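For reference, the structure is listed below as structure tokens.
The values are calculated or read from the model by the stated rules, or taken from the named source; none is laboratory data. All of these numbers come straight from a predicted model, not from anything done at the bench. For neighbour counting, all protein chains shown are included, and Cβ atoms are generated from backbone atoms with ideal geometry for every residue, glycine included. Calculation scope for accessible area: heavy atoms of the full protein, side chains included, ligands and nucleic acids excluded. Shrake-Rupley method; radii C 1.70, N 1.55, O 1.52, S 1.80 Å.
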2 protein chains.
Amino acid sequence: MKSLIKSDTKGRKKVLEPCLEPCPIERGMRLLGAKWKASILWHLKDQPVRFNDLARMIGGASKKMVDQRLKELEAQKMVKRTVLSERPIAVVYQATDFGKSALSVLEPLLKWTEKHHL
Amino acid sequence: MKSLIKSDTKGRKKVLEPCLEPCPIERGMRLLGAKWKASILWHLKDQPVRFNDLARMIGGASKKMVDQRLKELEAQKMVKRTVLSERPIAVVYQATDFGKSALSVLEPLLKWTEKHHL
DNA sequence: CTGTTTAGTAACCTAAAGTAAACTTATGAA
DNA sequence: TTCATAAGTTTACTTTAGGTTACTAAACAG
């Protein structure tokens, strides 16, 4: 993570180990940082929740957003989708163990935000 | 943070305490989650860094981006800008104490990302 | 005289992100 | 019969985020 700057004999500067492509922090942010994503995951951490209930909980987000983020979370194996019944279709979403592991980031984030009144 | 669903006598559902406007997690993410923002802050956590050096370190980001994020971070009091000299203008940026407090989020994020090979 | 450095600005543009509202198919209730 | 529910999908936009390239002005190097 240390990026060193060196000048050559002609005074031209260059960086050793530039953070050229997204470093872990950047990548992590891009995994969790999408709009509403962390909130959604947070709501699924304790109990399975049904789609419409979830959409209602995340009041500010449209169903399309919720749907999109759920699909991403599912693809990342952070959330599991379970069909309870066809016909009157019923579906629940819940955080996987891996999804819950992200709480090691979200919990400090929550604490930090509250502590500083942000 | 608990959003309860209740059905009334007629079976209509509604949510008590909907997460209507961005909850702390969401707000925190929006403060730290912009592209390159966390990376930039990370690079300023130990030593003051000059603008162009920083731009070189964050290889993937354009100067405009770096500049924009620095201004946001400055406005949020997470980074301090210091002019070392006019004429051949020289400027350094460094994380403030508040900026460093965000490491309580970024460090777990880094660990999480690396642990899971993301 | 040309090229480099400093710390940005400005203009322009595109791709992606997000929003709102309507629609679907089937079920159950008043 | 009309309304509400379920879990989305579709359409039709608007917004904004981000990228690219070129430019500034003053100073120094070869």
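Placing a label point 7 Å from the Cα of A:VAL91 along the Cα-to-Cβ direction, the distances to the matching points in the other copies come to 4.8 nm, shortest first. Sorting the Cα pairs of region B:42-118 by distance into bins of 10 Å, from 0 upward, gives 18, 44, 31, 6, 1 percent per bin. Using heavy atoms of the protein chains and a probe of 1.4 Å, the accessible area assigned to A:LEU31 is about 40 Å². Interface A-B: total buried accessible area of about 4500 Å², 1.4 Å probe, protein heavy atoms only.
Amide H contacts under 5 Å for B:ALA90: B:LEU84, B:SER85, restricted to partners 5 or more places along the chain or on a different chain, H placed in the peptide plane at 1.01 Å from N. When the residues B:VAL49, A:VAL83 are ordered by accessible surface, computed with a 1.4 Å probe over the protein chains alone, the sequence from largest down reads A:VAL83, B:VAL49. Rounded to whole numbers, the Karplus 3J(HN,Hα) couplings from phi for region A:25-30 are 4, 5, 5, x, 4, 6 Hz, using 6.51 cos²θ - 1.76 cosθ + 1.60 with θ = phi - 60°, and x at Gly and Pro. What percentage of the solvent-accessible surface of region A:24-88, computed with a 1.4 Å probe over protein heavy atoms, is contributed by carbon and sulfur atoms? Taking all protein chains in place, region A:24-88 shows 50 percent carbon and sulfur surface. Axis between A and B by rotation; chain A residue with nearest Cβ and distance in whole Å recorded as A:GLY33, 2. Amide H to amide H distances under 5 Å link B:ALA61 with no residue, where only residues 5 or more positions off or on other chains count and H is placed in the peptide plane.
Measuring with a 1.4 angstrom probe and ignoring ligands and nucleic acids, A:SER62 comes out at about 60 Å² accessible.
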